[in-house]
Amino acid sequence: MRWVVAGAGGMLGTDVVDVLRTAGHEVLALTRAELDVTDPAACARAVPASTDVLVNCTAHTAVDAAETEEAAAFAVNAVGARNLAVAAGAAGARFVHVSTDYVFDGLAQEPYAPDHLVAPRSAYGRTKAAGEWAVQASGADALVLRTAWLYGAHGGCFPKTMVKAGRERGALSVVDDQVGQPTWTRDVADLVARLVSAGAPAGTYHAVSAGSCSWFEFARTVLASAGLAEVDVKPVSSAEFVRPAPRPAFSVLSTQNLPGAGVQPIGDWRSRWDVAASDVLAAV
């Protein structure tokens, strides 16, 4: 198959390109510098008529900065998503759009279903929700994949931050009242490939690991993997780490519709971290 990957230089995009090429697919990898997704003409030119699948891994992910730069975030996360969806439709290609748990309010007490009403509480969440709407309204044959708590080898992420800080300080304070699903970018990339291969129906799916934990629990697991179990990790509340953008307290997403689409969900976050740890922490 012929794939185009926008945002190919990011943490997720790099793994998507690698997974697809390893599987023998032909991939046109476009970094942010090579494709301005806010330019509709550039998007149209970037997607050849022979394209089978276009994957959008681009995003304005500076969550706190988006609170004061919402227009810039909207340009990438909403307008850019629409431009790519339109380009995919014009080429007759499937469109895979990556979204986020931030489209929800984070106040639930059970996993968010893919069809749960969105209610973002941050500028970043609003722009990503607008992007989902734009993709769905474009008429493209689209798969919207929401993911969360991403970590990977090809960019900055929570595990790398914890290991560096643990080595430097010897003691850390980590939030214990935010719950989510640590998810390896390579597993998301693999799920993208499997959904397309299975001919999954157009719609919204959740690309996250099974199970859940707090940031505190994840930090302790990461430090143990790095041989830093002696680092003192103190659990604290979100109130002690006030940030410009509100963080979802509950970011657990249901993967209930994946089996019906012909694919199995990603495995438990602990077992997946055990597989990923050496790769993710190799250069730390």
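Nothing in this text is a laboratory measurement; each read-out follows from the coordinates by a stated rule. Because the structure is predicted, anything quoted here is derived from the model rather than measured. A quick note on method: Cβ atoms are made from the backbone with ideal geometry, for glycine too, and the neighbour counts reach across all protein chains shown.
Modelled spin-label separation between Glu34 and Arg169, with each label point placed 7 Å from Cα along the Cα-to-Cβ direction: 3.8 nm.
Averaged over every viewing direction, what's the projected area of the C-alpha convex hull for segment 1-147? Give it in nm², one decimal, please.
8.6 nm²
Residues Tyr151, Tyr102 in ascending order of nearby Cβ atoms (within 10 Å, fewest first): Tyr151, Tyr102. Students often forget the sequence filter, so: which aspartates and glutamates lie under 15 Å Cα-Cα from Lys234 once same-chain residues fewer than 8 apart are removed? Filter leaves Asp176, Asp177, Glu217. Each Lys and Arg contributes +1 and each Asp and Glu -1, all at the Cβ; summed about the Cα centre of the chain, the dipole is approximately 260 debye.
For a quick check: sort Leu30, Leu84 by the number of other beta carbons within 10 angstrom, fewest at the front.
Least crowded to most crowded, the residues run Leu30, Leu84.
Placing R0 at 22 angstrom, the Cβ-Cβ distance between Ser214 and Glu69 gives a FRET efficiency of 0.15 after rounding to 0.05.
Over the Cα atoms of segment 151-190, the radius of gyration divided by the Kirkwood radius equals 1.04; this is the Rg/Rh ratio. His97 sits among other residues whose Cβ lies under 11 Å from its own Cβ, and their net charge, with Lys and Arg +1 and Asp and Glu -1, is +3. Pairs of Cα atoms nearer than 8 Å and 6+ residues apart set the relative contact order; for the chain it is 20 percent.
Placing R0 at 22 angstrom, the Cβ-Cβ distance between Ser238 and Thr161 gives a FRET efficiency of 0.80 after rounding to 0.05.
For segment 1-56, the Cα-based Rg and Dmax, in that order, read 10.7, 31 Å. Beyond 24 Å, how much of the Cα-Cα pair distribution for segment 63-167 remains, as a whole percent? So the portion of pairs separated by more than 24 Å is 34 percent. Between Ser197 and Leu117, the modelled labels are 3.9 nm apart [label points 7 Å from Cα along Cα→Cβ].
Rounded to the nearest 5, what is the percent of antiparallel bridges among the DSSP beta bridges in segment 162-261?
Given both bridge residues lie in segment 162-261, the antiparallel proportion sits at roughly 25 percent.
Karplus-derived 3J(HN,Hα) values for segment 59-76, using 6.51 cos²θ - 1.76 cosθ + 1.60 with θ = phi - 60°, are 5, 8, 9, 6, 4, 6, 4, 4, 4, 10, 10, 5, 4, 5, 5, 4, 4, 7 Hz; glycine and proline are entered as x.
Between Val174, Val96, Val55, the residue with the greatest mean-square fluctuation in the GNM of the chain (Cα pairs under 10 Å linked by springs) is Val174. For the residues Ala198, Ala261, Ala93, a GNM of the chain with alpha-carbon springs under 10 Å puts the largest fluctuation on Ala198. Between Trp133, Trp273, Trp184, the GNM of the chain built on Cα springs shorter than 10 angstrom shows Trp133 fluctuating the most. Using the Stokes-Einstein relation with a Kirkwood hydrodynamic radius computed over Cα pairs, the translational diffusion coefficient of segment 193-284 at 4 °C and a viscosity of 1.567 mPa s comes to 81 µm²/s.
Please report the base-10 log of the normalised intensity I(q)/I(0) for segment 152-253, using a Debye sum with one equal scatterer per alpha carbon and no solvent, at each q in 0.12, 0.18, 0.22 (1/Å). The Debye formula, applied to the Cα set alone, gives -0.50, -0.95, -1.23.
From the Kirkwood radius over Cα pairs of segment 95-236, Stokes-Einstein at 20 °C and 1.002 mPa s returns a whole-number translational diffusion coefficient of 129 µm²/s.
For segment 186-284, GluC sites (Glu not before Pro) are listed when DSSP marks them as loop and at most 15 other Cβ atoms sit within 10 Å of their Cβ; the list is Glu230.
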